[in-house]
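Below is one structure, written out as structure tokens, with a few remarks after it.
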Amino acid sequence: MCPLSIVENGREVEVLDIRGGFGLCQRLSRMRIYPGIRIRILNNGRPGPVIIAVGEKRFGLGFGMAHRIFVKPL
């Protein structure tokens, strides 16, 4: 298990845990990001934004937000 912020470009991962408050969890759930979902890293611009794909949709996450999402590589 590692934070999303350190995953390499092009990798597919499964979300295991979100270590944040209610606001962060609510914002991510609106993007369909929650434990059990698979996402693909399109661009990890360390320490800038992390661009991800959830299904056919793409989202940009700030480094701090990505650092609170714990994933496992697939």
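Worth pointing out:
- Virtual spin-label span in nm between ARG32 and PHE63, 7 Å along Cα→Cβ: 2.9 nm
- Using the Cβ-Cβ distance between ARG46 and PHE22 with R0 set to 25 Å, the FRET efficiency works out to roughly 0.35.
- Computed from the Kirkwood radius of its Cα pairs, the Stokes-Einstein diffusion coefficient for segment 31-74 at 25 °C and 0.890 mPa s stands at 228 µm²/s.
- For ILE37, residues with placed amide H under 5 Å, excluding near neighbours: VAL15
- Diffusion constant of segment 1-47 at 10 °C, which comes from Stokes-Einstein with the Kirkwood Cα-pair radius and 1.306 mPa s, µm²/s: 139 µm²/s
- Most positive-pole-ward Cα, GLY64, ASN9, SER29, against dipole of the chain from beta carbon charges: SER29
- Of the trypsin sites (Lys or Arg not before Pro) found in segment 16-74, those in coil by DSSP whose Cβ has at most 15 other Cβ atoms within 10 Å are ARG19, ARG32.
Taken together, the values in this text are just the output of simple stated rules run on the coordinates, not laboratory data. These figures come from a predicted structure and were not determined experimentally. Note: ideal-geometry Cβ built from the backbone for every residue, glycine included; neighbour counts use all protein chains shown.
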